[in-house]
């Protein structure tokens, strides 16, 4: 919910997919990200390559399917991060994020 | 599908986003639905332990929990919450029971809505730190409403756990 953009929240503007009860958030993807990233990604900030909105990954909408896990921008609904696992590999597509900023402090 | 007797491997704790501790400050507003109470309970236990003997600190950092469950016998940590609130006047625990209420119940009896949040939440000018955890529809509805009521989105943290088997 603290995706700072000027518009304040996900579900009010009617511009993206309708409310989906199965949606979780970056907190639920924390374990998956810990397989790829050493620091805690839930407190890292991501900037959407689509609309430029940025916020903490813990607050971003996440959809987990059998094929993989998708993190979306709450403002424009583009995919910010996509992770898929196969028996041999973990695939990370971060092209939807202009950058990811990880704090060194905590 | 899990069966009794299965071995689980646990990893963690993971995730510093949905975390509150004393330095984050308050007042502290916690809103939970069903098993969403779990991380909120950790916060209340931490607050209780850290401020055990410091009454002034408790008054500077009051806490309120609004907890939605379907029925009284489904309320998780029911006794512990009652004990904590009883001995600490700076902690208020408010339940809403959305499907069934015990005889003599005087608390809320409906899903969390704007009117309830207006009653329970501190005014935005107090800058409460807000944590909302539960089924996705509840979390998103509560978060949206609190922001509409004027709370700073950067002070509203959310943890959604997806759909629930029934509604809270």
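We did not get these values from a lab; they are worked out from the coordinates using the rules stated. From a predicted model like this one, the values you see are computed outputs, not experimental measurements. Counting neighbours? That spans all protein chains shown, and the Cβs are built from the backbone with ideal geometry, glycine included.
Within region B:12-25, count every residue that is more than 14 Å from the chain's Cα centre (by Cα) and touching a residue at least 12 places away in the same chain (Cβ under 8 Å).
Looking only at region B:12-25, we keep the residues that are more than 14 Å from the chain's Cα centre (by Cα), and these are B:12-17, B:21-25.
Okay, now just the ones that are also touching a residue at least 12 places away in the same chain (Cβ under 8 Å), so B:17, B:21-22, B:24-25.
Residues meeting the conditions: 5.
Residue-wise test of (1) touching a strand residue (DSSP E or B) at 6+ places or on another chain (Cβ under 6 Å); (2) more than 13 Å from chain B (Cβ to nearest Cβ); (3) assigned to a loop (DSSP other than H, G, I, E, B).
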site: A:31; (1), (2), (3): no, no, no
site: A:39; (1), (2), (3): no, no, yes
site: A:58; (1), (2), (3): no, no, no
site: A:83; (1), (2), (3): yes, yes, no
site: A:103; (1), (2), (3): no, no, yes
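With respect to the conditions (1) within 14 Å of residue B:131 (Cα to Cα); (2) in a loop (DSSP other than H, G, I, E, B), residue B:64 falls short on a single one, namely (2).
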